[in-house]
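Novice: Quick one: the structure is below, questions incoming.
The values are calculated or read from the model by the stated rules, or taken from the named source; none is laboratory data. Predicted, not measured: the structure shown is a model, and the values here were computed from it. Cβ placement follows ideal geometry from the backbone for every residue including glycine, while neighbour counts extend to all protein chains displayed.
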Amino acid sequence: MARRIQIILAFFFPIYLSIVLFTDVSLAGYWTDVIFSIVLSALSIKLVLLNKIAKRWLSVLVGIVNLLCSLVVVILLVLNLLNPFVIDTFKLRSFYYQSVDGRLFNAYFKPVGAYSGGYGNFWISEVPKYFPIIERKVYWDRTVRHDFGKDVFEGQPIDNKAAVCQCIKDNIIDK
């Protein structure tokens, strides 16, 4: 059983990393890819250390693939943690599974202060209705003019979910 898992992981891990890094498709939720990548890395390193495959060449190939993928994940994590603006990521505001015209969307707002020219970065991902664990980025604006991080404006409450739905209609559905 461990041999089969090692081989499947050595096949699946590089495909998963390639899709997440080079396309607009990812797992639903902002932190899901990070957590899933760390878990896959830990599992692959553990399986490499167990090394139960009888054929030497297959054992070496599986070990190299899993270790390289784990190395990519670790390097990306270190580079992101060294980024001076990483604190903005922890201020992320998410609007999950907003239904607009029968379609599902996730929206994310990351405040970045004055250095971006607006209130922050805003992007919208569409989620398939019958497979809601993946999402595909369909809209991105680096200088959004609305602060989705605040629920009040000049003392009046703001319905940010309605603003997100309106933004989805304006920028995705009506275009």
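Novice: Which pairs have Cβ atoms under 7 Å, sit 6 or more apart or on different chains, and link a residue in the range 76-97 that is assigned by TED's automatic domain parsing to the domain that holds TYR119 to one that is of a type in the set (D, E, K, R) and outside any strand (DSSP E or B)?
Specialist: Close Cβ pairs (under 7 Å, with a partner that is of a type in the set (D, E, K, R) and outside any strand (DSSP E or B)) amount to PHE95/LYS161.
Novice: Among (1) β-branched (Val, Ile, Thr); (2) without any contact (Cβ under 8 Å) to a residue 12 or more places away in the chain; (3) assigned to a strand (DSSP E or B), which single condition is VAL60 missing?
Specialist: Going through (1) β-branched (Val, Ile, Thr); (2) without any contact (Cβ under 8 Å) to a residue 12 or more places away in the chain; (3) assigned to a strand (DSSP E or B) one by one, VAL60 breaks only (3).
Novice: Under 26 Å from ILE19 (Cβ atoms), of a type outside the set (Phe, Trp, Tyr), in contact with a strand residue (DSSP E or B) (Cβ under 7 Å, 6 or more places away or on another chain) and surrounded by fewer than 12 Cβ atoms within 10 Å (Cβ to Cβ): which single residue out of ILE172, ILE133 fits that description?
Specialist: That would be ILE133, the only listed residue that is under 26 Å from ILE19 (Cβ atoms), of a type outside the set (Phe, Trp, Tyr), in contact with a strand residue (DSSP E or B) (Cβ under 7 Å, 6 or more places away or on another chain) and surrounded by fewer than 12 Cβ atoms within 10 Å (Cβ to Cβ).
Novice: Examine the range 113-121 for a residue that is more than 20 Å from the chain's Cα centre (by Cα) and at positive phi, and state whether such a residue exists.
Specialist: Looking for residues that are more than 20 Å from the chain's Cα centre (by Cα) and at positive phi, one finds at least one in the range 113-121, hence yes.
Novice: Filter the range 29-75 down to the residues that are more than 30 Å from PRO128 (Cβ to Cβ), surrounded by 14 or more Cβ atoms within 10 Å (Cβ to Cβ) and among the small types (Gly, Ala, Ser) and list them by number.
Specialist: SER59, GLY63 - these are the residues of the range 29-75 that are more than 30 Å from PRO128 (Cβ to Cβ), surrounded by 14 or more Cβ atoms within 10 Å (Cβ to Cβ) and among the small types (Gly, Ala, Ser).
Novice: Can I ask one more? Pairs only if they're at least six apart or on different chains, beta carbon under 9 angstrom, first in the range 6-19 and in contact (Cβ under 8 Å) with a residue 60 or more places away in the chain, second crowded, with 18+ Cβ neighbours inside 10 Å and assigned to a helix (DSSP H, G or I); list them, first residue then second.
Specialist: The qualifying pairs are GLN6/SER44; GLN6/LEU47; GLN6/VAL48; GLN6/VAL62; GLN6/GLY63; GLN6/ASN66.
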